[in-house]
Amino acid sequence: MNIESVIKNNLCTGCGACISEDENKQAKMIWDENGFLVPQLGVNSTQEKMISVCPFAPEQKNEDELGELFLKDRTENYNSKLGYYTNLYAGYAKQFRETSSSGGIATYVFKRLLEEKIVDHLFIVKEKNGEYSYQFFSNFQDITKISKTRYVPVTMVELFEKISTTDGKVAVSGVACFVKAIRLKQYYYPELKEKIPFVVGIICGGLKSKYYTDFLAQSAGCFSDYQNAEYRVKNKESFALDYKFSCVEKNTNKIHMVEMKTLGDMWGTGLFKSNACDFCDDVVTELADISLGDAWIDPYDKSGLGNSIVITRSLLADKIIKSGLVECDLVLDELLESKVLQSQQGSFNHRHNGLKVRVELASSNEKLFPPKRNKFLIDQGFLLNQIQVLRAKTRGNSLSFWKATQNVSLFNKRMKSSLVKLKIYTLINRYLTKYSTKKGVKK
C-alpha cells in the first residue's frame, strides 16, 4: 500500500502529515468528490516516504506500541480500551462552559498552556472569513473564539510546513487519527517531541464530509450561500442532546436554525462519515496528553450546558487539571474506568465490536484496509453483523445520494429505505438485548 492506494480506497482522513514528506514538494491537499480533503500527488511525489507517517498505512505502529513509547513512562495506569492514563474525570470549566460545545475543558487547558508558558502557540481550528481551518494562535484573550466543535474537514499541512521555522513550542489539538500522525512524525523526528510538547485529543464520533454542513443548512431552511455555521447551539434549560444547528444566510444575514433531534441519528447511522473512520479502533484518542469528549452518562448528560469527559494521560496534563480544581476554576468528579467506558459505549460497540465484520466485508469486496489490533477483532452474532453491513451501506449512500441531488428533500427521499431498514434492525437488537438482560441470558 502507498499513499495513492490509501486515497483510492477512501482511507485518508486528510491529516496532511504526508505532504511534508514529499521531498519533491509536488503533493498538495484538495477536495475530493465526496467532500473530504485528500492529497493530490505529483508525478514525482516520494510516496514511500510519505506513507511512513500515514495513520492508516500498513505495517504501521499501532496505538498500543506508540502509547508505550510516548506515554507509558509519563503516566500511571493502563486499560486495554482507554490506553495509558493518569486520572479520569467528568465536569466543566466555569469560565468557558457556556461558550463551548460541551464542558469547556479544552479552552481552559489551552489558556493554561499559554499562561504558564508551557507553549508559545496553539495550532487549533479557528474561523476565518466564514471558513474553518487549522491556524496558529498565540493570544489567550481571544480564546473563546475557538471553543466550538466544528464538523468540517480540516488539515494539519501548515503545522508541518511551518513548525521548524516557528519560534517557540506549539500545542496541537486533534482527533485520534490526527494525533497518531503527530506521534508518527515525532517518532521519526524526535526533535518534534520538544517542539510539540502537548497534544489535546478530541474524542471523535467520526469525521464528516463538508456535505454534512450543506445538509444541515438546507434542513434549517437555508438554500443559498451561508456562513458562521454553529453545530451546537445549546439549550441550557434542557439536556445535553437537546441542541440546534444554526447558520447565517450571506445575502440576507438571516439566521437559520434546526433542532438536531428532529433530523434523526446523525452518528449511529454513519451519515456523511469518512470510510476511514470505520477502520479506526482508537475511540478515546489514546495517544494524546489529555483526551476530552462529551460526558454522555447520567447525571452529566442531563445538563443542557454540557459536561466533558477528561482523561489525563501525562503528569503535566493532570497537574493542569488539579490546579484548576484547587483554584476552583474547574468543577470535576473523579470517575471509575467503567463510567468512562460507559460514556462512549456506542462508539466502543461500533468501532471495536463491529470492526471484524467490516474488515471481512472490505476483504470480500477486494478493498484495502489497514491492519488492526487483534484484541478488537471480535466475533458478533448475525444480527449485529447485519447492522454493521447496513451502516456501511447507509454511509456510502449518504455521500453518493447527496452528490447526485444536492437537495435535502430529494436526499431524504432517497435515503429513506436505507435508514428505515437500519432502524428496524437496530430496534430489534435493542429489544433482544433488553429481553436477554431481563432474563439473565447472554445472547
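For this structure, a couple of remarks:
- Count of the stretch 91-129 residues, restricted to those that are in a helix (DSSP H, G or I) and either hydrophobic (A, V, I, L, M, F, W, C) or assigned by TED's automatic domain parsing to the domain that holds K236 (or both), is 6.
- Residues (in contact with an Asp or Glu (Cβ under 7 Å, 6 or more places away or on another chain), hydroxyl-bearing (S, T, Y) and not in a strand (DSSP E or B)) located in the stretch 222-260: S224
- Residue satisfying all of: in the stretch 270-306; at pLDDT 95 or above and polar (S, T, N, Q); nearest to A240 (Cα to Cα) among these: S291
- Of the residues screened, Y189 is one that is assigned by TED's automatic domain parsing to the domain that holds N34, aromatic (F, W, Y) and either out of contact with any Pro (no Cβ under 9 Å at 6 or more places or on another chain) or surrounded by fewer than 21 Cβ atoms within 10 Å (Cβ to Cβ) (or both).
- The stretch 169-218: number of residues that are in contact with a Phe, Trp or Tyr (Cβ under 6 Å, 6 or more places away or on another chain), outside any helix (DSSP H, G or I) and not hydrophobic (A, V, I, L, M, F, W, C): 3
Condition check ((1) under 26 Å from S274 (Cβ atoms); (2) in the same structural domain as F110 (by TED's automatic domain parsing)) across all residues:
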{"site": "V331", "(1), (2)": "no, yes"}
{"site": "E337", "(1), (2)": "no, yes"}
{"site": "S363", "(1), (2)": "yes, no"}
{"site": "L377", "(1), (2)": "yes, no"}
{"site": "G396", "(1), (2)": "yes, no"}
{"site": "S409", "(1), (2)": "yes, no"}
{"site": "K434", "(1), (2)": "no, no"}
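- The stretch 47-87: number of residues that are more than 24 Å from N374 (Cα to Cα) and in contact with a strand residue (DSSP E or B) (Cβ under 6 Å, 6 or more places away or on another chain): 3
- Filter result (within 17 Å of Y85 (Cβ to Cβ) and not polar (S, T, N, Q)) within the stretch 335-369: L335, L336, E337, K339, V340, L341, F348
- Some residue of the stretch 330-342 being within 28 Å of V233 (Cβ to Cβ), out of contact with any strand residue (DSSP E or B) (no Cβ under 8 Å at 6 or more places or on another chain), modelled with pLDDT of 95 or more and in a helix (DSSP H, G or I): yes
- Every condition in (1) within 30 Å of N253 (Cα to Cα); (2) without any contact (Cβ under 8 Å) to a residue 40 or more places away in the chain is met by E127 except one, and the failing one is (2).
- Test: residue in the stretch 168-177 that is modelled with pLDDT under 95 and not aliphatic (A, V, I, L, M): no
- Selection of first residues in the stretch 255-272 that are on the phi < 0 side of the Ramachandran plot and without any contact (Cβ under 8 Å) to a residue 60 or more places away in the chain and of second residues that are of a type in the set (S, T, Y) and assigned to a strand (DSSP E or B), restricted to Cβ pairs under 7 Å at least 6 apart or on distinct chains, gives the following pairs, ordered by first then second residue: I255/S246; H256/S246; M257/S246; M260/Y243.
- Residue identified as in contact with a helix residue (DSSP H, G or I) (Cβ under 8 Å, 6 or more places away or on another chain) and modelled with pLDDT under 95 among T99, T86, T46: T99
- Residues located in the stretch 363-395, provided they are in contact (Cβ under 8 Å) with a residue 24 or more places away in the chain and more than 15 Å from K421 (Cα to Cα): K367, L368, F369, P370, P371, K372, R373, K375, F376, I378, Q380, G381
- Given (1) touching a helix residue (DSSP H, G or I) at 6+ places or on another chain (Cβ under 6 Å); (2) polar (S, T, N, Q); (3) surrounded by 23 or more Cβ atoms within 10 Å (Cβ to Cβ), index of the condition S291 fails: (1)
The values are calculated or read from the model by the stated rules, or taken from the named source; none is laboratory data. The structure displayed is predicted, hence computed values, not measured ones. Every residue, glycine as well, gets a Cβ built from its backbone with ideal geometry; the counts of neighbours run over all protein chains shown.
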